[in-house]
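Engineer: Here you go, one structure.
The values are calculated or read from the model by the stated rules, or taken from the named source; none is laboratory data. This is a predicted model, so every value here is computed, not measured. Neighbour counts run over all protein chains shown; Cβ positions are idealised from the backbone, glycine included.
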Amino acid sequence: MNTETMTSRERVVRTLNHQPADRAPLDLGMHPSTGISAFAYHHLRRHLGLDTRVIRVPDVVQMLAFVDEDVRQRFHLDCVMLEPAWPTPARWTPRGDFSFLVPAAFQPQRDAAGDWVVRQGAGQMRMPGDGFFFDGDWLSNWGGLDEDAAIALYAREAERVYKETPYATAFLGYGYGPGFDAFFNGLEHGMQMLDDPAAAHADNERRLQHSLAIAGKVIDAMGPHIQMLCLGNDMGMQAGPMCRPVAMAEFVFPYYQRFCDFVHRHSDIKVFLHCCGSIKPLIPLIIEAGIDVLNPVQISAADMEPAALKREFGDRIVFWGGCCDTQNVLGTAAPEAVARHTGGLVETFKPGGGVVVNQVHNIMGDVPPANIVAMLDAAYAGSFPCP
């Protein structure tokens, strides 16, 4: 009979350190790439017979829900998003009986085509009337706080999570703004590496110094209460990396290494990197730079075969994700097929530990709730034992 002998936080910390745990940890919603659409969450809560009247949306671009305690308990989840509630919430009803808590400054307006439009300064983003998320400018810091005030707010929430809950969490500074820079900024940055290498290095040096300043403040303010710092930097396409690994090794990963060295030298916090796409040729560079955790493990991309990833890298990096294909399976297969698919992937990634079970990226708004239940229940059943 499967028996839990650790708290969620103990389980995650041991997994982050590649130490044995009673089972593989599970996540839904700790990070804005491991979560669930507020629309799908509404349907899931109704499917489970839970109240749908208070669904908080910490990410109003992707329209992701904050996963509540009743859902964490139901599915044996081990992590929670470190995202304080909006100081001045408002209720937004985009259509039908969908009703969400958003920041008061958010204020979507209908245009002549029936789309929802949100403006913030010169920025603008748009969601179709029947859509599930916004596109356009990535608008943030709806709380209106400066960097130091925002970090202090996150620090208070981190201490509360640490002292009042059993969960693991991570700093990403999402809804209120203070976060870390990416050291690769898309194909234009790749062209800069070729056309003006000195400028490419100078730009990344500026980004590094900014990120190190934030990291120092975060470590001082909440270091004992968080387990990870989260970086986000997509470097892959569906068929391969955006730039040649040799260029990334010269222009990008030295800055990640200096960032990781700083964090590891001044704390016990692990570094979590979100990086989508077909990135297998970059994983050795990611590991060498000192990244501890890789997400989302996009197994649907080229050359990202789960067994090969586990065999080649599983003892040197923690895989956070990869346990359900959200592109081709979760939203379209029957629940029984979703369960088999998820269980098989958990069995692939689980040996020797070093995996936090999570689907590949966020659960989209139109995924049937029965499929979500099938995935999460299969994930928990497969998480025992963790050899």
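Engineer: Only residues that are among the small types (Gly, Ala, Ser), closer than 30 Å to Ala221 by Cα and under 19 Å from the mean Cα position of the chain (by Cα): list them for the stretch 255-311, please.
Structural biologist: Passing the criteria: only Gly290.
Engineer: Mind checking whether some residue in the stretch 123-142 is aliphatic (A, V, I, L, M) and more than 19 Å from Leu64 (Cα to Cα)?
Structural biologist: no
Engineer: Residue under question is His189, and the condition is that it be crowded, with 16+ Cβ neighbours inside 10 Å and closer than 18 Å to Pro84 by Cβ; does it hold?
Structural biologist: Against the criterion (crowded, with 16+ Cβ neighbours inside 10 Å and closer than 18 Å to Pro84 by Cβ), His189 does not qualify.
Engineer: Considering every residue within the stretch 241-255, establish whether at least one is within 24 Å of Ala213 (Cα to Cα), crowded, with 21+ Cβ neighbours inside 10 Å and among the aliphatic types (A, V, I, L, M).
Structural biologist: The answer is yes, given that some residue of the stretch 241-255 is within 24 Å of Ala213 (Cα to Cα), crowded, with 21+ Cβ neighbours inside 10 Å and among the aliphatic types (A, V, I, L, M).
Engineer: All but one of (1) under 20 Å from the mean Cα position of the chain (by Cα); (2) within 14 Å of Leu28 (Cβ to Cβ); (3) surrounded by fewer than 19 Cβ atoms within 10 Å (Cβ to Cβ); (4) not polar (S, T, N, Q) hold for Pro369, so report the exception by its number.
Structural biologist: All conditions are met except number (1).
Engineer: Something else: Quick one: in the stretch 279-333, of everything that is touching a residue at least 60 places away in the same chain (Cβ under 8 Å) and touching a His at 6+ places or on another chain (Cβ under 6 Å), which residue is surrounded by the fewest Cβ atoms within 10 Å (Cβ to Cβ)?
Structural biologist: Residue satisfying both the conditions and the ranking: Pro296.
For every residue, the table says whether it meets (1) in contact with a helix residue (DSSP H, G or I) (Cβ under 7 Å, 6 or more places away or on another chain); (2) under 24 Å from Met125 (Cβ atoms); (3) of a type outside the set (S, T, N, Q).
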| position | (1), (2), (3) |
| --- | --- |
| Thr52 | yes, no, no |
| Val57 | yes, yes, yes |
| His76 | yes, no, yes |
| Cys79 | yes, no, yes |
| Thr93 | no, yes, no |
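Engineer: Of (1) surrounded by 19 or more Cβ atoms within 10 Å (Cβ to Cβ); (2) polar (S, T, N, Q); (3) farther than 19 Å from Met235 by Cα, Ser267 satisfies all except one. Which?
Structural biologist: The failed condition is (1).
Engineer: So which of Ala339, Ala334, Ala378 ends up being in contact with an Asp or Glu (Cβ under 8 Å, 6 or more places away or on another chain) and either of a type in the set (Ser, Thr, Tyr) or over 26 Å from Asp234 (Cβ atoms) (or both)?
Structural biologist: Answer to the check: Ala339.
Engineer: If you don't mind, there's one more thing I want to ask. Kindly list, by first and then second residue, each pair from a residue in the stretch 352-369 that is over 21 Å from Ser383 (Cβ atoms) to a residue that is outside any loop (DSSP other than H, G, I, E, B) and of a type in the set (Phe, Trp, Tyr), limited to pairs with Cβ atoms under 7 Å and residues at least 6 apart or on different chains.
Structural biologist: Gly365/Phe39
Engineer: Something else now. Can you list the helices (runs of 4 or more DSSP H) lying wholly within the stretch 1-119 that have 1 or more residues being loosely packed, with under 14 Cβ neighbours inside 10 Å and free of Cβ contacts under 8 Å to residues at least 60 places away in the same chain?
Structural biologist: Qualifying helices (runs of 4 or more DSSP H): 69-75.
Engineer: Would you check which residues across the stretch 218-267 are without any contact (Cβ under 8 Å) to a residue 24 or more places away in the chain and within 15 Å of Asp292 (Cα to Cα) and list them?
Structural biologist: Answer for the stretch 218-267, where residues must be without any contact (Cβ under 8 Å) to a residue 24 or more places away in the chain and within 15 Å of Asp292 (Cα to Cα): just Arg265.
Engineer: Say whether the condition of being at pLDDT 95 or above and in contact with a Lys or Arg (Cβ under 8 Å, 6 or more places away or on another chain) is met by at least one residue in the stretch 36-46.
Structural biologist: no
Engineer: Counting only residues that are in contact with a helix residue (DSSP H, G or I) (Cβ under 7 Å, 6 or more places away or on another chain) and either in a strand (DSSP E or B) or of a type in the set (Phe, Trp, Tyr) (or both), which one in the stretch 120-156 is surrounded by the fewest Cβ atoms within 10 Å (Cβ to Cβ)?
Structural biologist: Filtering the stretch 120-156 for residues that are in contact with a helix residue (DSSP H, G or I) (Cβ under 7 Å, 6 or more places away or on another chain) and either in a strand (DSSP E or B) or of a type in the set (Phe, Trp, Tyr) (or both), the one surrounded by the fewest Cβ atoms within 10 Å (Cβ to Cβ) comes out as Phe132.
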